[in-house]
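The values are calculated or read from the model by the stated rules, or taken from the named source; none is laboratory data. Nothing here was measured: the structure is a model prediction, and the numbers come from that model. As a convention, Cβ positions derive from the backbone with ideal geometry for all residues, glycine included, and neighbour counts pool all protein chains shown. Heavy atoms of the whole protein, side chains included, go into the accessibility calculation; ligands, DNA and RNA do not. Shrake-Rupley method; radii C 1.70, N 1.55, O 1.52, S 1.80 Å.
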Amino acid sequence: MSTVMIIARKEYGDRLRNRWILSATLLLAALSLGLSLLGSAPVGSVGVGSLEITVVSLASLSIFLLPLIALMLAYDGIVGEAETGQLTLLLTYPVERWEILAGKFLGHAMVITTATAIGYGVALLVPLFGTDGLEQEGLIAFARLLSTSILMALAFTAMAMLFSVASRERGVAAAWAVAVWLLFVLLFDAALLGVLVAAPDWIPPEVFPYLLMLNPADAFRIFNLGGLDNIRQFSGMLAGMEALPGWLPITAMMVWIAAPLGVAGLLFQRREI
């Protein structure tokens with residue numbers, strides 16, 4: 001087994017023992033099941049399946065909750081072990097620094113994937129045992145939601161790893177994690193909206209969708225709420241988003257994973273332990 005996988009399995013095992021995975025899974029499962037039950041009520045009056053309504057609700061939930069879970073999971077991955085001396089001990093073994101970083105990120109990715117897949121998978125139980133069953137378009141929308149929820153969470157995990165490498169104290173890394181959540185989940189869209197209202201000529205309409213790619217949460221929102229006709233009509237996603245290439249939101253989220261990890265790798269190589 002490679003060194004990266006050994007570190008990843010240890011990280012995953014640590015989160016399993018301290019019940020981090022169980023807590024995140026139960027939280028996501030309870031919320032997704034509740035949204036699925038509520039979403040099944042208006043079927044027929046809006047002309048879309050119950051699973052598609054659930055996808056719209058889960059997409060909104062994901063934007064607020066998954067980035068916070070990912071940031072809180074990974075912000076002390078490096079700085080926490082540096083404070084306790086475990087990182088110094090680990091570096092006495094024949095292991096490269098990039099292997100430590102990659103192993104910890106992979107371990108966090110396994111935690112996020114487990115919690116999201118099980119937690120959101122519970123939402124399928126309502127239409128599965130209900131009168132509507134599982135329709136093909138609903139399943140496609142759900143699969144898109146599940147895969148990109150994990151992708152978005154990994155983007156925020158990568159940012160948390162960057163702050164963990166760059167910070168000397170765990171409290172500083174935690175403050176950065178909270179600041180990033182506020183910026184991308186709450187403030188970014190409000191700032192863009194403020195500019196559009198105050199000076200509508202500053203941002204041409206055809207450029208606006210591309211500016212949203214600067215935020216991984218918006219890339220996730222556009223891909224899931226604007227990608228399928230039924231979902232787009234029900235969610236009220238702007239028609240102007242149709243001009244955006246379908247591959248661009250996925251590419252934007254992958255860039256948001258690779259770029260912070262790349263910078264974190266460079267900083268970790270130069271960090272004095």
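Just to be sure, is Leu151 open to solvent by 30 Å² or more (accessible area, probe 1.4 Å), under 17 Å from Phe105 (Cα atoms), of a type outside the set (Lys, Arg) and part of a helix (DSSP H, G or I)? Write out each step before concluding.
Working: open to solvent by 30 Å² or more (accessible area, probe 1.4 Å): yes; under 17 Å from Phe105 (Cα atoms): yes; of a type outside the set (Lys, Arg): yes; part of a helix (DSSP H, G or I): yes.
Yes; evaluated as a whole, the condition is true for this residue.
Return yes when Arg144 is closer than 28 Å to Thr3 by Cβ, touching a Gly at 6+ places or on another chain (Cβ under 9 Å) and open to solvent by 40 Å² or more (accessible area, probe 1.4 Å) and no when it is not.
On the way: closer than 28 Å to Thr3 by Cβ: no; touching a Gly at 6+ places or on another chain (Cβ under 9 Å): yes; open to solvent by 40 Å² or more (accessible area, probe 1.4 Å): yes.
Answer is no for this residue.
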* Kindly indicate whether any position in the range 120-132 is under 18 Å from Leu68 (Cβ atoms), of a type outside the set (Phe, Trp, Tyr) and in contact with a helix residue (DSSP H, G or I) (Cβ under 7 Å, 6 or more places away or on another chain). => no
* Failed condition for Ile100, given (1) at pLDDT 90 or above; (2) over 20 Å from Ala166 (Cβ atoms); (3) of a type in the set (Val, Ile, Thr) -> (2)
* Structure fact -> Of (1) in contact (Cβ under 8 Å) with a residue 24 or more places away in the chain; (2) in contact with a helix residue (DSSP H, G or I) (Cβ under 7 Å, 6 or more places away or on another chain), Ala174 satisfies every one except (2)
* Within the range 184-194, is there a residue that is assigned to a helix (DSSP H, G or I), without any contact (Cβ under 8 Å) to a residue 40 or more places away in the chain and of a type in the set (Asp, Glu)? -> yes
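Name every residue in the range 56-108 that is aromatic (Phe, Trp, Tyr) and in contact with a Lys or Arg (Cβ under 9 Å, 6 or more places away or on another chain), in order of residue number. If you could, list the steps in order and put the result at the bottom.
Applying the first criterion (aromatic (Phe, Trp, Tyr)) to the range 56-108 yields 64, 75, 93, 98, 105.
Of everything in the range 56-108, just one residue is aromatic (Phe, Trp, Tyr) and in contact with a Lys or Arg (Cβ under 9 Å, 6 or more places away or on another chain), namely Tyr75.
Looking only at the range 159-181, filter to residues that are of a type outside the set (A, V, I, L, M) and open to solvent by less than 10 Å² (accessible area, probe 1.4 Å); which one of those is farthest from Asn215 (Cα to Cα)? Even if it seems obvious, please write down each step before you answer.
Of the residues in the range 159-181, the ones of a type outside the set (A, V, I, L, M) are 163-164, 167-171, 176, 181.
Filter again for open to solvent by less than 10 Å² (accessible area, probe 1.4 Å), leaving 164, 167.
Numbers: Ser164: 20, Ser167: 23 Å.
Selected residue: Ser167.
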* Asked: Is the range 51-73 home to any residue that is without any contact (Cβ under 8 Å) to a residue 60 or more places away in the chain, more than 15 Å from the chain's Cα centre (by Cα) and open to solvent by 10 Å² or more (accessible area, probe 1.4 Å)?
  -> yes
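A quick yes/no check of all residues on (1) at pLDDT 95 or above; (2) small (Gly, Ala, Ser):
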site: Leu182; (1), (2): yes, no
site: Pro200; (1), (2): no, no
site: Met213; (1), (2): no, no
site: Pro216; (1), (2): yes, no
site: Leu228; (1), (2): no, no
site: Ala239; (1), (2): no, yes
site: Glu242; (1), (2): no, no
site: Met253; (1), (2): yes, no
* Asked: Which residue pairs have Cβ atoms closer than 7 Å, lie 6 or more positions apart in sequence or on different chains, and pair a first residue in the range 203-231 that is more than 13 Å from Thr148 (Cα to Cα) with a second residue that is among the aromatic types (Phe, Trp, Tyr) and at pLDDT 90 or above?
  -> Asn215/Phe184; Asn215/Phe188
* To do: List every residue pair whose Cβ atoms lie under 7 Å apart, where the two residues are 6 or more positions apart in sequence or sit on different chains, the first residue falls within the range 16-31 and is on the phi < 0 side of the Ramachandran plot, and the second residue, located anywhere, is surrounded by fewer than 13 Cβ atoms within 10 Å (Cβ to Cβ) and modelled with pLDDT of 80 or more.
  => none
* To do: Quick one: which residue in Thr113, Thr92 is out of contact with any Ser or Thr (no Cβ under 9 Å at 6 or more places or on another chain), open to solvent by 50 Å² or more (accessible area, probe 1.4 Å) and under 25 Å from Met152 (Cβ atoms)?
  => Thr113
